[in-house]
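Only one structure is covered here, and it is reproduced in the block below.
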Amino acid sequence: MSNRLSGNEAVAYAMKQINPDVMGAFPITPSTEIPEYFANYVADGEVNTEYVTVESEHSSMSVCIAAQAAGARSVSATSSCGLALMYELLYVAASSRLPITLACVNRALTGPININNDHSDSMGARDSGWIQIYAENNQEAYDNILMAMPIGETPQVRLPVMTCMDGFITSHAVENIELLETNAVRKFIGEYNPENYLLKRENPLAVGPYDVSAYYMEHKVLQAEAMKAAKARILEVAAEFEKISGRRYGLFEEYRMEDAELALVLIGSSAGTAKAAVDQLRADGVKAGLVKIRVFRPFPGEELARTLAGTRAVAVMDKSEGFSANGGPLFAETRSALYDLKERPYLINIVYGLGGRDVKTEDIEKVFGRLADIAVTGETHPVYTHMGQRSKEEIV
Amino acid sequence: MATNDMVEIRWHGRGGQGAKMACLLLADVAALEGKFVQGFPEYGPERMGAPITAYNRISEKRCTIHSNIYYPDYVVVVDESLLDSVDVTGGLKEGGAIIINTPSSPLEMRERLPGWTGKVCTIDARRISEEILGTNFPNTAMLAAAVKVSGVLEPGRFLANIEESFKHKFAAKPQVIAGNMATLKKSMEEVQVG
């Protein structure tokens, strides 16, 4: 069914269709509308979810962990400092192998205080053991939530899933969207039947106890293996989802990459803006393309290397700083993934869009302009720059 | 980077006046007519009375651009006092128009828009709202004026579709629908193009 919804409305609606057992609810801009809309569904009796209002995000994630460990499906939503306050619990959820679904509406981390979009919140949690799937627009935000549980709950994975969308740009923008029928959603998601859970009478178990050195590392290896296994499962679920929706998803989206010589690698809503720039450049005869990373955890390193192998110059665009003094997190992953290629493209890193700094098609065209120069000269210095800053002369 | 089959509109208002709501309502109604739409606000440290901006893209094909709008076809100014502090005609396309909530005439308003040579449209949205709704909610009248001036939607179909949208939105207080519909119609009749 065709409709028009904001990203937050779409995610709340997806959660209503899923009808999870428990929601841990605590508001923070710009994700607040998700528990807000969902509270209406609860009040109107459209879901039978246990809606637990708490005093902090530390507690909302704790509620999700406890509920999921007890054998229930749990969801939550947060942003920015809310995710930061969950930090300890993110690790507990992942290492306890609890397939919770969390909608992260990406917002800059404080300070200075800023409510607008960048990816510093979820990028800070990239090594917490959660699967991370990013959306370009409201449609993808909706679709990704629907795929989260079939991915996370499968026995060979059993990991929590964070679905991310850009705060305000996606969460508060009303756009057209295709929604699935609720029956189709329920059939696709299926029942949650974990083998073991706290309240299983025949086999009671403890969740999250102390782990001694003699076993801790084995558990970490199992967790690492689960993250590796998630890649195949994500593709399986995407294939099943295509059957009911007609929409195709992979680990990343290749846009006009068939014969691309100059390419971008980026995440989220800016990929849409960049697609318009790529179209313009293609019309002008430039062999431009882009790769939009959808799944950041597990990172599709080998697949990305194969896709970029034929290009001459690539700009990896990070919407979070990272403060590594060596480029942003997406750059680090991409450069590492390309190391094993015999012939590698030239690679630069551009940090952009921090704290809601807007990104225009003209900005993207400038990046391609620099890539065209690099393809000829081979001069990548400086490798790591910031786009759109007002204090210094622009390098890009 | 708007193409010919896309209309881009920029709204200037003050927090609390409903510019964002009018923007989202326009997106809603345009979507009902089968258009591809975007309606989004630009957020800052928001508070009552502070200048706010909202944007619409309405097109025949899905638009993937998610930046703000820098070269709008139309600008809607919900609060006349913003003319003193915001560059409301910034980037406005020559063939476009600016639509201002004011009791003044287009000729009088043009004097306050140095450098702008395109169309200036005025509508006394405050008076219409106060007369019909009994209070100052200028956004409904501004929305109708914007639709009339831009021609982005056919006025008859727009009125029919927005009534449907109101029935959904105001399901809990249907008594406000008639007043809002009357406000829309009055605004479409009264908007002056100069």
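The values are calculated or read from the model by the stated rules, or taken from the named source; none is laboratory data. Predicted model, so just to flag it, every value in this text is computed and none were measured. In this analysis, Cβ positions are derived from the backbone assuming ideal geometry, glycine residues included, and neighbour counts consider all displayed protein chains. Accessible surface areas use protein heavy atoms only, side chains included; no ligands, DNA or RNA. Shrake-Rupley method; radii C 1.70, N 1.55, O 1.52, S 1.80 Å.
For this structure, a couple of remarks:
- Net charge of Cβ neighbours under 12 Å - reference A:Arg306; Lys, Arg +1; Asp, Glu -1: -4
- Set of aspartates and glutamates with alpha-carbon distance to A:Lys366 below 18 Å, sequence-local pairs under 8 removed: A:Glu261, A:Asp279, A:Asp284, A:Asp318, A:Asp358, A:Glu379, A:Glu393, A:Glu394
- Within chain B, helix-based [θ] at 222 nm, where runs of 4 or more DSSP H residues each add -39,500 (n - 2.57), nearest 500: -10500 deg cm²/dmol
- Summed residue charge, Cβ within 14 Å of B:Ile123's Cβ, Lys/Arg positive, Asp/Glu negative: -2
- Per residue, chain A reaches -12500 deg cm²/dmol at 222 nm when only DSSP H runs of four or more residues are counted, each adding -39500 (n - 2.57).
- Using only side-chain charges placed at the Cβ, +1 for Lys and Arg and -1 for Asp and Glu, the dipole size of the range A:16-123 relative to its Cα centre rounds to 280 debye.
- Of the residues B:Ser67, B:His12, B:Val149, the one whose Cα sits farthest towards the positive end of the charge dipole of the range B:6-193 is B:Ser67 (charges of +1 on Lys and Arg Cβ, -1 on Asp and Glu Cβ, taken about the Cα centre).
- Counting Cβ atoms of other protein chains within 10 Å of each Cβ in A:172-181 and taking the mean gives 5.
- Given charges at Cβ of Lys, Arg, Asp, Glu: the protein assembly as shown dipole, positive-most of B:Val77, A:Gly328, A:Val11: A:Val11
- Here B:Lys167 is the anchor, and the lysines within straight C-alpha reach of less than 25 Å, apart from those fewer than 8 places off in the same chain, are A:Lys16, B:Lys20, B:Lys35, B:Lys148, B:Lys185, B:Lys186.
- Cross-link reach list, lysines versus A:Lys220, counting only Cα pairs under 24 Å and skipping chain neighbours closer than eight places: A:Lys228, A:Lys231
- Summing charges over all other residues whose Cβ lies under 14 Å from the Cβ of B:Pro174, with Lys and Arg as +1 and Asp and Glu as -1, gives +1.
- Given +1 at the Cβ of Lys and Arg, -1 at the Cβ of Asp and Glu and no other charges, the dipole of the protein assembly as shown around its Cα centre is 280 debye to the nearest 20.
- Charge dipole (debye, nearest 20) of the range A:2-245; +1 at Cβ of Lys and Arg, -1 at Cβ of Asp and Glu: 520 debye
- Per residue value of the accessible surface for the range B:6-193 (all protein chains in place, 1.4 Å probe), Å²: 43 Å²
- The trypsin sites (Lys or Arg not before Pro) of the range A:266-369 that DSSP puts in a loop, and whose beta carbon has at most 12 other beta carbons within 10 Å, are A:Lys342.
- Membrane-span-like helices in chain B, defined purely by DSSP H runs whose alpha carbon atoms cover 18 Å or more axially and whose average Kyte-Doolittle hydropathy reaches 0.5, are B:19-32.
- Residue (of A:Pro382, A:Ile100, A:Ala173) at the positive-pole extreme of chain A, dipole from beta-carbon charges: A:Pro382
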